Amino acid sequence: MAHQILRSSRIASSTRVAQRSSRVHAVSVRCAAAPADVMLEVKDLTASIAGTHTPILKGVNLTIRNGEVHAIMGKNGSGKSTLSKVLVGHPDYEVTGGTAVFKGKNLFEMEPEERSHAGLFLSFQTPIEVPGVSNVDFLRMACNSRRKALGHPELDPLEFYAYIMPKLEMLNMDPTFLNRNVNEGFSGGEKKRNEILQLAVLEADMAILDEIDSGLDIDALRDVAKAVNQLRSDDTGVLMVTHYKRLLDYIKPDFVHIMQAGEIVKTGDMSLVDQLEAGGYATL
Amino acid sequence: MQASTSLGSACRTQLAGKRVVSGHRYPNARIALKPAKSGAVASAVVAEDKWLARTVKEVATPSSLAALREQSKSALATLRMPTTRNEDYRFTDIAPLLRTNVQPAAAGAAVPSELLAAHELPGAAARLVVVDGVLRPELSSGLSGLPAGTYVGPLAGAPEAVKQKLGSLSNSRGGPFAVLNGSLVPEVLVVAVPAERQLEGPLFVLHLASGATGADEVAANAPRLLLHAGTGSSAELVEEYVALPGGRRYLTVAVGELFLEAAASVRHSYVQREGEGSFHFKSTLVHQAERSQYTLAEASVGGAIARHDLVIQQGGPETHTQMSHFLLCGPSQTHDLHSRLTLDHPHGTANQLHKCIVSHASGRGVFDGNVKVNRLAQKTDAGQLSRNLLLVPLATVNVKPNLQIIADDVKCTHGCAVSDLRDDELFYFRARGISAESARQALVFSFGAEVIQRMGHPVLQKRVQDDVSRTLLSAEPFAASA
Ligand SMILES: Nc1ncnc2c1ncn2[C@@H]1O[C@H](COP(=O)(O)OP(=O)(O)O)[C@@H](O)[C@H]1O
Ligand SMILES: [Mg+2]
């Protein structure tokens, strides 16, 4: 993973912005110079709700390269969370067509835990509570599962404390969080911090952040954004789902996509966001 | 914690639970009770029921217990022990108990100090050690440090007004085992908290039972508790039931009567960790005056056949009742919870969480939970949830949560699941890289923790959780990880 190549690909991708922002559909443009740099490539993805077979995603195309930050915006119900969850293998949805390749591997042939081991992470819009399971046990299980899959030695409880303490600090989280049950009785903001703590513990390569900014006060937003920025590198990718510019002011996206009725209908840069703030979705 | 067998396939296939609808309550217990003649000498009454006749021998009756004994004995005369033909015992077959001969436990059983040391409750205001139903002051601690006006001790010394209440709930609403307790109980432990007193730290009642030696014999352990929480008072009661060393063959038949006056608050933890193979029948009868708050957390993990009859009456408006229960049924264990909560007044709240694991094909869980919101109980908020986990094929639960609403302006939630673990919980683990197998194991082991943690005593929680782990590790799906 040569540094230079990554840099050049970022330049290459920002030039694509200009070409693409005028298009209605986001078409993945192959970057012939450095094909190895694609982290996640979603093509013509369609998915429906398992059971009722109601189609939700109607052909999503999205390419995320190493080092890039992408943002997806769109009205409630346009399919942003569905896309996020389909990528990590949520059983509520069935993939009916298209492909998703993550670091060269077909995501849809992998179990959810294998996708996590491979470095894909979703911060859930509404993280569930798991009564009876302590946060520290959960985090350590998650951490050791990935370490085991990567062939690293597992961390014992003491080693794990040493590993997690700086991460708690980075997120301005009280260590007592570790002894509480997973998300049980957490405020909305605490749940979001806890998701980012999990991201930090897993050291994922590709983070999908579904509305990490909703329910956060300004201090919490700053903590969370700061942590995400610290976890970013030229080797990682970020896909943020958000409604608000304020998050994007902290975590600057290279690309902004607009999702509508299960498709990405427009792709551009931060100027799209300003346009949105000014006139709403109707003006796009 | 790595299971090498997959629970996944095992769990999805055996939804062996049945839902049972309809039923009368306590057909046998509709006993005409003669009014108590005070000072009457207990006369030997011959019970029609053969087992009862064998069981209820002449037991010493302190004069303070004469009235209760008399009432129980007359009730006993026409009582028949229930069989599975009785709706209330349809799924709880007590035949193994009825094949035994119940003997009185020898008085003054020795209690090893290691056993006491292993059953501490840090932070307790007092620990009351009750052996075979008799309070043993020499083994107890903290009694002298209780605040003035608070009475904890045998019935004879209790405040007169509290004494009067003995039997008033159990006589009218207790089942057959409550009657049996009245006939066998050697002594009553009274807890009386005066008005406006906030007791700091729980009162910890450790019940110990000794076993019988003869092959068909079981020793009788018939403890009884009477709690009175005065107006505006608050108290916490923790009850734990365990066996004395070697105690396998015994029958615990316990009664607790709890009276909460206006605005009183009582937290009650009840932990059933009886010896393997023992029988345990407990009746808890609670009367709550207006604005009182009763919170029960129960864990039932020991014994062979165990049943809890819980009867709670909200006697005034703005009264709050919270019940949570965890039952674990391992090999040859039947655990039964029958609860009845009645709301008759406006602005009450009631919440019940029932969780049950059956980990062996010979295990059975029974739950009949009735929450009745009567016509006058408007603006009530009631919730009831029963979650049952069957870990192996043929494991059985018979669950009948039932929320009866007669009032019309009531907020109720109601749910019952006889099924696998929650999919969303499992997925959350998997999304974080934890295999489905490890996730299942973690979720099963912590299934009861939600209830046990509500007791708020880590040491007690650990005792229960260790029992749970032992039972679960013997279960087929986890055996390989032992
Ligand atoms: N599990 C589900 N069951 C039923 N409908 C669903 C489910 N998940 C999503 N939907 C529906 O799919 C559409 C897209 O939802 P979602 O992806 O959550 O939108 P967004 O995150 O953009 O607000 C909505 O109409 C939503 O109601
Ligand atoms: Mg969403």
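The values are calculated or read from the model by the stated rules, or taken from the named source; none is laboratory data. Keep in mind that what you see is a predicted model, and the values were worked out from it rather than measured. Here the Cβ is made from the backbone with ideal geometry for all residues, glycine too, and neighbour counts use every protein chain on show. Areas reflect the complete protein model, heavy atoms only, side chains present, ligands, DNA and RNA absent. Shrake-Rupley method; radii C 1.70, N 1.55, O 1.52, S 1.80 Å.
Things to note:
- Positive-pole candidate from A:Phe186, B:Ala254, A:Phe108, dipole of the protein assembly as shown, charges at beta carbon: B:Ala254
- Close amide H partners of B:Leu237, meaning residues 5 or more places away or on another chain with modelled amide H under 5 Å apart, are B:Leu203, B:Arg267, B:His268, B:Ser269.
- In a DSSP loop and with at most 10 other Cβ atoms within 10 Å, there are no chymotrypsin sites (Phe, Trp or Tyr not before Pro) in segment B:363-453.
- Shape analysis of chain B places it in the rounded category; the axes a ≥ b ≥ c from the Cα gyration tensor give an a/c below 1.5.
- Gain in span if fully extended, A:Tyr161 to A:Asn76, counting 0.36 nm per residue against the direct Cα distance: 26.7 nm
- Reachable aspartates and glutamates, given that their alpha-carbon falls under 18 Å from the alpha-carbon of B:Lys57 and they are not under 8 places away in the same chain: B:Glu48, B:Asp49, B:Glu70, B:Asp132, B:Glu187, B:Asp216, B:Glu217
- Unsatisfied cross-links (Cα-Cα over 22 Å) in the set A:Lys85/B:Lys355; A:Lys167/A:Lys192; A:Lys85/A:Lys226; B:Lys355/B:Lys379: A:Lys85/B:Lys355; A:Lys85/A:Lys226; B:Lys355/B:Lys379
- Solvent accessible area, Å² - B:Thr231, 1.4 Å probe, full protein context: 60 Å²
- Built amide H within the under 5 Å cut-off of B:Gln352, gap 5+: B:Met323, B:Gly383, B:Gln384, B:Leu385
- Under the criterion of Cα pairs below 8 Å and six or more residues apart, the relative contact order for chain A equals 28 percent.
- Beta-bridge orientation, chain A: approximately 60 percent antiparallel, per DSSP, counting only bridges with both partners inside.
- The string of couplings for segment A:230-239 from the Karplus curve (6.51, -1.76, 1.60, θ = phi - 60°) is 5, 7, 6, 7, 6, 9, 10, x, 10, 10 Hz, one whole number per residue in order, with x for Gly and Pro.
- Reachable lysines from B:Lys372, criterion Cα separation under 18 angstrom, eight or more residues apart if same chain: B:Lys400, B:Lys411
- A:Asp219-A:Glu109 FRET efficiency (beta carbon distance; Förster radius 41 Å; 0.05 resolution): 0.45
- Applying 1/(1 + (r/R0)^6) with R0 = 35 Å to the Cβ-Cβ distance of B:Leu473 and B:Leu98 gives a FRET efficiency near 0.60.
- Reducing segment B:62-130 and segment B:136-165 to their Cα centroids gives an inter-centroid distance of 21 Å.
- Our coupling estimate for segment B:237-248, obtained by passing each phi through the Karplus curve with A = 6.51, B = -1.76, C = 1.60 and θ = phi - 60°, is 10, 10, 10, 10, 10, 9, 8, 6, x, x, x, 10 Hz, Gly and Pro reported as x.
- A helix-only calculation puts chain A at -12000 deg cm²/dmol for mean residue ellipticity at 222 nm, using -39500 (n - 2.57) for each DSSP H run of at least four residues, averaged over all residues.
- When the residues A:Tyr250, B:Tyr89 are ordered by accessible surface, computed with a 1.4 Å probe over the protein chains alone, the sequence from largest down reads A:Tyr250, B:Tyr89.
- In this calculation the C-beta distance from B:Thr231 to B:Ile406 is compared with R0 = 41 Å, giving a FRET efficiency of 0.90.
- Prolate/oblate/rounded call for segment B:129-227, Cα gyration tensor, a/c under 1.5 rounded: oblate
- Solvent-accessible area per residue for the protein assembly as shown (1.4 angstrom probe, square angstrom): 38 Å²
- The magnitude of the dipole of segment B:422-474, with charges of +1 and -1 set on the Cβ of Lys/Arg and Asp/Glu and taken from the Cα centre, is near 140 debye.
- When only Cα pairs below 8 angstrom with a gap of at least 6 residues are kept, segment B:149-203 shows a relative contact order of 55 percent.
- Ranked from largest to smallest solvent-accessible area, with a 1.4 Å probe on the protein heavy atoms, A:Met165, A:Met141 come out as A:Met165, A:Met141.
- Using Cβ point charges alone (K and R +1, D and E -1), the dipole size of the protein assembly as shown about the Cα centre works out to roughly 1280 debye.
- Cα lying deepest toward the dipole's positive end in the protein assembly as shown, options A:Ala220, B:Ala299, B:Val205, charges on Cβ: B:Ala299
- Cα lying deepest toward the dipole's positive end in the protein assembly as shown, options A:Gly67, B:Ile94, B:Ala439, charges on Cβ: B:Ile94
- Phi angles of segment B:84-101 translate, via the Karplus equation with coefficients 6.51, -1.76, 1.60 and θ = phi - 60°, into HN-Hα couplings of 5, 7, 7, 3, 6, 10, 4, 10, 10, 8, 9, 3, x, 5, 6, 8, 9, 10 Hz per residue; Gly and Pro are given as x.
- Under 5 Å between amide hydrogens, built in the peptide plane, is the criterion, and for A:Val60 it picks out A:Asp44, A:Leu45, A:Thr46 among residues at least 5 positions away or on other chains.
- Inter-probe distance in nm under a simple model that places probes 7 Å from Cα toward Cβ, at A:Glu169 and A:Ile49: 4.7 nm
- The distance linking segment A:175-235 with segment A:46-121 is 21 Å (Cα centroid to Cα centroid, whole angstrom).
- Heavy-atom accessible area ranking, 1.4 Å probe, most first, across B:Ser265, A:Ser271: A:Ser271, B:Ser265
- Only Lys, Arg (+1) and Asp, Glu (-1) charged, at Cβ; segment B:69-174 dipole about Cα centre in debye: 420 debye
- Heavy-atom accessible area buried between chains B and A is around 2000 Å² (1.4 Å probe, both sides summed).
- Simple spin-label estimate for A:Ala149 and A:Thr96 in nanometres, 7 Å along Cα-Cβ: 2.9 nm
- Heavy-atom accessible surface of A:Glu184, to the nearest 10 Å², is about 60 Å², with a 1.4 Å probe and all protein chains retained.
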